[in-house]
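To start, the structure under review is shown below, and the notes come after it.
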Amino acid sequence: MKYRNLFTPVRIGSVTLKNRFALAPMGPLGLSDSEGGFNQRGIDYYTERAKGGTGLIITGVTFSDCKVETQSMPNCPNSTYNPVHFIRTSREMTERVHAYGSKIFLMMSGGFGRVTIPTNLGDFPPVAPSAIPHRWLDKICRPLEKEEIRSIVKSFGDGAYNAKRGGFDGVEIHAVHEGYLLDQFAISMFNLRTDEYGGSLENRLRFAKEVVEEIKSRCGDDFPVALRFSVKSMIKDWREGALPGEEFEEKGRDIEEGLEAAKLLVSYGYDALDTDVGTYDAWWWNHPPMYQEKGLFRKYCRMVKEVVDVPVLCAGRMDNPDMASAAVENGDCDIVSLGRPLLADPDYVNKLRSGRYDEVRPCISCHEGCMGRIQEYSMINCAVNPQAARERVTAYEPITKSKKVLIVGGGVAGCEAARVLAIRGHKPELFEKAGRLGGNLIPGGAPEFKEDDIALADWYTRMLDKLNVPVRLNTEIKKDDVLNGDYDTVIIATGSTPKVFSLGDDAHVYTAAQVLNGEKDCGGTTVVVGGGLVGCETALWLAQHGRHVTLVEVLDKLMAVNGPLCHANKDMLERLVPFHGVQVMTGAKVNGYQDGILSVTTTDGAQKLSCDSVILSVGYKEENSLYHELEFDVPEIYLLGDAKKVSNIMYGIWDAFEVANHI
């Protein structure tokens, strides 16, 4: 078995895990009830990942403090607010998790401090170790009183005790990591205190030391306590993070201090270090978008592993099993944490173990369903898996009669509809006018950093083949084909087409899709018109391949109409574009293109840009003409995907799942 080393036992303190996989902790938004316990969604969500073979389940952040930061995160469990209820709901969940041979740790938060999400703050003033700027708001934080620190420390002991009673096998502390409250105390940039909690590294780690000592005193030395730990901060300045490959002066925690901190934290009693790099000032590190390389934390985890004698966990786009196996074999880490990959496919581990990795649904690192929805709607989901965190309410509906269903269009909406229909027992047939499935995933996945878009298209191709769904490529369906086909149900998912307009020399004006697909060569110097997500990614990709690119946007900032995008993705892309030499012009209107000169009007007046081509990336329009030809002739007909409304991958998949699961 190729990945056998990933299925060997490993110990964290007194607890033995059956394999080297952990569910990385992710915000548990929407997974608790109003009394601070786990709701049915939360219980089902964590149990499903245990059923899928994951050796260690680590919950998202939960709270024990009920006094200092009472409004820091809504809809999250709280281990001290209503102990009886918390223990009861925890027991229901941990007993189900244990049935599958998995272990489960409760992640406990020390608080958010200066990084509290503004919508969750309400009228409460933000707190921090010192009077420092809030991460998001133009406010100065209130320094914590020593009595408040002691209150939080005691709440950790109470909460961990309740977690142990609730059946949890251990806890993970959140954390000296990502710039949360305990990390703010640990980093000298944020901690300006002159009492015993400030100054030396030992003093700045005192808060974290007292937390583990309190938990061990209440729960015993044999109750494991892991720590979420960032070995390096990646901070250039307040609210300014570094990019990969950028030379900068570290203003936060550097590697030298990070490794010293790791040794101290283990000496204090922490049984494992769940390691990464970054802070909220550079949070595209802790929440890596597709623009970050896969396995980006491995070298940092290895540094930590070389100086401590406890297990090191490594997350950060570790979904490639060859990479994961090598990381364990080479001593980069002891345990591989999968966060978003286990949102996308809760059965990842069992599929890998049984030689079915080709069936694993890929995560595309888009953050649309997870971080994007957490920050906007306080709920965790997944763009490519509509059932994530909704396992019970989106279970496959049984059918009483199998229907013959025509699906026109092989983008994500058409493919998802066909997949779900086939699983439920219907007989879908899919027709696609192009030569492969995937729709806009194909041009969208052309840049190397979007390789997982292609992986998703390939996954749909494999799954429809395994489900024996007839797929006809290079076939355009007309109205008569539908009416003469004896179908019970028709789904139109014909996608969208790029918006275009004439600039004069249209022979050298291309769409982004044409360039991304390799149908047109933009030359050495080009102008991308449209600074939305597609335009920015196209400009970045071209610049990375040595083209001289100018990006022109009529609005006053890039990606102004895209959303909700996770800030980790948006903020990183905004900085990558100029970092790679793309000239950005906002508040600029293009007027015409003739003889290799593009005329542009800006707030500074008229400008002329010399370029070999112009690339239009000004949006898409729905292609729904076939639907309107059929809507009054077919009793059961549905319009899905971009053909219904131009949107993102998530809503294309989600809408298709909803409709296909109820036919």
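The values are calculated or read from the model by the stated rules, or taken from the named source; none is laboratory data. Here the structure is a predicted model, which means the values were calculated and not measured. No Cβ is skipped: glycine too gets one built from the backbone with ideal geometry, and neighbour counts run over all protein chains shown. All accessible areas refer to the heavy atoms of the entire protein, side chains included, with ligands and DNA or RNA removed. Shrake-Rupley method; radii C 1.70, N 1.55, O 1.52, S 1.80 Å.
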Share of the range 168-238's accessible area from carbon and sulfur, percent, 1.4 Å?
-> 41 percent
Using the alpha-carbon atoms, what tilt in degrees (0 to 90, nearest 10) does helix 649-660 show relative to the longest principal axis of the chain?
-> 80 degrees
Cα extents of the range 264-340 along the principal axes, largest first, in whole Å, come to 36, 32, 18
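Expressed in nm to one decimal, what extension gain is obtained for the pair Glu519 and Phe579 from 0.36 nm per residue of sequence separation less their Cα-Cα distance?
Working: separation 60, 0.36 × 60 = 21.60 nm, distance 2.74 nm.
The Glu519-Phe579 span can extend by a further 18.9 nm.
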Relative to the longest principal Cα axis of the chain, at what angle does helix 40-51 sit, 0 to 90 degrees, rounded to 10?
-> 90 degrees
FRET efficiency (Ser402, Ser625; Cβ distance; R0 22 Å; to 0.05) is 0.15
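How big is the convex hull of the Cα atoms of the range 336-457, per residue, in Å³? Show your work: numbers first, answer last.
On the way: hull volume 17.8 nm³, N = 122.
In the range 336-457, the Cα hull volume divided by residue count equals 146 Å³.
Can you list the trypsin sites (Lys or Arg not before Pro) in the range 79-173 that are in a DSSP coil and have 14 or fewer other beta carbons within 10 angstrom?
Details: sites: Arg88, Arg91, Arg96, Lys103, Arg114, Arg135, Lys139, Lys146, Arg150, Lys154, Lys164, Arg165; in loops: Arg135, Lys139.
Here the sparse-neighbourhood loop sites are Lys139.
Which length gain, in nm to one decimal place, applies between Ser267 and Asp237 when the Cα-Cα distance is subtracted from 0.36 nm times their residue separation?
Details: separation 30, 0.36 × 30 = 10.80 nm, distance 3.10 nm.
Between Ser267 and Asp237, full extension yields an extra 7.7 nm.
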For the chain, which span is the longest to avoid every loop-located (per DSSP) member of GluC sites (Glu not before Pro) having at most 16 other Cβ atoms inside 10 Å?
-> 307-475
The answer for trypsin sites (Lys or Arg not before Pro) in the range 237-318 that fall in a DSSP coil and have at most 14 neighbouring Cβ atoms within 10 Å is Arg239
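Work out the FRET efficiency for Glu256 and Asn330 from their Cβ-Cβ distance, taking R0 = 25 Å, and round it to the nearest 0.05. Mind showing how you got there, number by number?
Details: r = 23 Å, r/R0 = 0.92.
For Glu256 and Asn330, the calculated efficiency is 0.60.
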Virtual spin-label span in nm between Glu196 and Phe124, 7 Å along Cα→Cβ | 2.6 nm
Cross-link partners among lysines for Lys644, C-alpha distance below 19 Å, same-chain residues fewer than 8 apart left out?
-> Lys433, Lys478, Lys479, Lys499, Lys621
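Using the heavy atoms of the protein chains alone and a 1.4 angstrom probe, what is the accessible area of the range 179-327 per residue in square angstrom? Each step should come with its number before you reach the end.
Details: 4860 Å² over 149 residues.
Per residue, the range 179-327 has an accessible area of 33 Å².
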Could you work out how far helix 255-268 tilts from the main Cα principal axis of the chain, as a 0 to 90 degree angle to the nearest 10?
-> 50 degrees
Check each of the trypsin sites (Lys or Arg not before Pro) in the range 507-562 and keep only those in coil by DSSP with at most 12 other C-beta atoms within 10 angstrom; list them in order.
-> Lys557
Listed by chain and number, the lysines with an alpha carbon less than 20 angstrom from that of Lys427, same-chain partners under 8 positions apart left out, are Lys401, Lys403, Lys404, Lys466
Note to self: with every protein chain in place and a 1.4 Å probe, the range 587-663 gives an accessible area per residue in Å² of 49 Å²
Accessible area per residue, 1.4 Å probe, Å², for the range 1-84: what's the number?
-> 34 Å²
Counted charge near Gly167, where neighbours are those whose Cβ lies closer than 14 Å (Asp, Glu -1; Lys, Arg +1) | +3
Filtered hits (lysines, Cα-Cα < 29 Å from Lys154, offset >= 8 within chain) -> Lys67, Lys103, Lys139, Lys146, Lys164, Lys209, Lys216, Lys232, Lys263
By DSSP, what percent of the beta bridges with both residues in the chain are antiparallel, rounded to the nearest 5?
-> 25 percent
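Please compute the length gained on full extension between Thr586 and Glu376, using 0.36 nm multiplied by the number of residues separating them and subtracting their Cα-Cα distance.
Full extension from Thr586 to Glu376 adds 73.0 nm.
Kindly state, to the nearest 0.05, the FRET efficiency for Phe501 paired with His545, given R0 = 35 Å and r defined as their beta-carbon distance. Working shown, then result.
Working: r = 26 Å, r/R0 = 0.76.
FRET efficiency, Phe501 to His545: 0.85.
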Using bins 5 angstrom wide from zero, how does P(r) for the range 97-174 break down, in % of all Cα pairs?
-> 3, 14, 19, 16, 15, 12, 10, 6, 3, 1
What spacing in nm lies between the two simple spin-label points modelled at Thr601 and Lys433, each 7 Å away from Cα in the Cβ direction?
-> 3.6 nm
Put a dot 7 Å past each Cα toward the Cβ at Arg11 and Glu306; how far apart are the dots in nm?
-> 2.6 nm
